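The values are calculated or read from the model by the stated rules, or taken from the named source; none is laboratory data. Computed from a prediction, not measured in an experiment: that's the story for all the values here. Glycine also receives a Cβ, built like all others from the backbone with ideal geometry; neighbour counts cover every protein chain displayed. The area values use the complete protein model at the heavy-atom level, side chains included, leaving out ligands, DNA and RNA. Shrake-Rupley method; radii C 1.70, N 1.55, O 1.52, S 1.80 Å.
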Amino acid sequence: MTVSSKACCLVEMRTSSRSLPGFATRRWLLLLVTGIVSVVSGCTQDTRDVGSPENAGQMTVSDSFEDSATNQFAVEQQVKIFCGACHAVPLPDSFPKDAWYQEVKRGFDFYYDSGRKDLTPPPQASVVGWYRQRAPERLASPEQTEARTSPLKFERRFINIPVELTDLPAVSVLRRSDSAATPSRVWVSDMRLGCVFDCDVNDPGHARSFRIGTNPAGTCSADLDQDGSMDLIVADLGTFLPEDHNKGQVLWLSDAENQTTESTPRVILDGIGRVADVQSADLDNDGDPDLAVAEFGWHETGGIHVIFNDVNAASERSFRSLKIDNRPGTIHLPVTDLDGDGRVDFVAVISQEHEVIEAFMNRETGFEKVSIYAAPDPSYGSSGITLCDFDGDGDTDVLYTVGDTFDSHLIKPYHGIWLLRNMGRLKFEPQHIAAIPGVLRALSADLDRDGDQDIVAAALLPLKSIQGAAPESLQALIWLEQKTNGLFERHVIQKGPPIYSTISLSDTDADGDIDITAGCFYAEPADPPSLLHLFENLGQK
């Protein structure tokens, strides 16, 4: 049940750069000038001088270029050529008017700092003016349907563990235990504390704490050495804050059930950027588990790796890695046999300016990328995916959340939850389910035991995004009750500042219904600074 990673995965509370894999992304919207084609004509002079931000804040279209239909059309074409060459063209209404100076400047700075000279940038002032003319004064709030009185009652409990906390918790991922006999047990990855906790929410006093890596973003389980016991595999960011570096790792703790908290894991892959997610499956059909790895990275680092688990004739085990994608920004890559051919595929959500969901189809000749969904704007704010058969028709659908605000601290009108319905032949139809600012994780389950799938969603927002908002207007945890196929009724489980980066759903009290465990991610001191909040489902009111 990853966050994302980010997300992230990977939330950055003190800079304007995104750090949630599933949370750190380079939301440099206007890489207008990092396209791979040249603009018509002209010199490659440095055109980044558009005056001071103060003056630019008052800039009108006529300040930056002659206000004529011909010139406006010319600038529009230049924007489309530069930006559209490598990602979706930024929409003017994705930022308020006063933000466009900095957004355009950021994109131009990236181009000039890169040392490239193969393009002819348009004048920055013209681009700023073009966007400002079309941008709204302020962004609208997401249109949330009115919340109804919930037919279910939930009781919140604070879950703390007997470990001296050196900092505020920043839980990035919750993953349920693989054992059906212990539904109350979760693996908790805390990317700020640098720990992985093995915690039974019914008995948190006996939680185990593992120092694995420096900033663990997520975990999976697999019997990598085929000795009959489950191992723990950890995705390690290498830093809490977003950076381009080679400190990311994939770590392996063999026979995790019987290890002490001082056990030293084995490094499977290192020397790469920030690792947001790792998933296990037999990707080469040789009978043992391999790994799919999301290297979120940041600006210059990132990609997707496959790690093959090999055994030679002398029964010696080794790991062989293959990088199959070079783009930064992958948050999650859950595995499944998407086309039923007996080979395990995976689905990846890639953020940054890409903002796409792609299937990596496992063919005998290698992995084939198939587009599932492409967002209409490079600042969309993808925050995660999960796979499920939501409509019960026997194939795999995708629950997709859009709610990352850690780049600009702006709540976008379209932030919310989508269901990508599998229509067959690798075609998916997007359905907007609900709006919710800051949503980072959505999972499906039958909460009310009426035979269909509902949705539970959690939100996380930085304080800067919610300044001035009344606490009772904020929704941190919601339940979307499916009434009829495709229609949902909204219920708020927890109001107040959104602090939940991830959730896990299971019957923790063994009473036959689904309870909710939420991971806490704090930006400011809290009382109490709990690691987890457990929302026990007490049934009908």
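Data table
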{"item": "Verdict on residue 347 being open to solvent by 30 Å² or more (accessible area, probe 1.4 Å), at pLDDT 95 or above, assigned to a strand (DSSP E or B) and not small (Gly, Ala, Ser)", "result": "no"}
{"item": "Tally of residues being farther than 15 Å from residue 71 by Cα and open to solvent by 60 Å² or more (accessible area, probe 1.4 Å) across region 116-128", "result": "3"}
{"item": "Qualifying residue in region 413-421 (condition: closer than 30 Å to residue 97 by Cβ and in contact with an Asp or Glu (Cβ under 8 Å, 6 or more places away or on another chain))", "result": "yes"}
{"item": "Matching option when the condition is part of a strand (DSSP E or B) and modelled with pLDDT of 95 or more, among 449, 421", "result": "421"}
{"item": "Matching entry among 377, 391 (being touching a helix residue (DSSP H, G or I) at 6+ places or on another chain (Cβ under 8 Å) and of a type outside the set (S, T, N, Q))", "result": "377"}
{"item": "Long-range neighbours under 6 Å by Cβ, at least six apart or interchain, first residue at pLDDT 95 or above within region 241-254, second among the basic types (Lys, Arg)", "result": "248/274; 252/266"}
{"item": "Qualifying residue in region 109-125 (condition: closer than 27 Å to residue 472 by Cα, touching a helix residue (DSSP H, G or I) at 6+ places or on another chain (Cβ under 7 Å) and assigned to a loop (DSSP other than H, G, I, E, B))", "result": "no"}
{"item": "Test: residue in region 507-518 that is among the small types (Gly, Ala, Ser) and farther than 29 Å from residue 392 by Cβ", "result": "no"}
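This table checks each residue for (1) at pLDDT below 50; (2) closer than 23 Å to residue 410 by Cα; (3) open to solvent by less than 30 Å² (accessible area, probe 1.4 Å); (4) aliphatic (A, V, I, L, M).
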residue	(1), (2), (3), (4)
30	yes, yes, yes, yes
58	yes, yes, no, no
65	yes, no, yes, no
78	no, no, no, no
84	no, no, no, no
96	no, yes, yes, no
111	no, no, yes, no
114	no, no, no, no
130	no, yes, yes, no
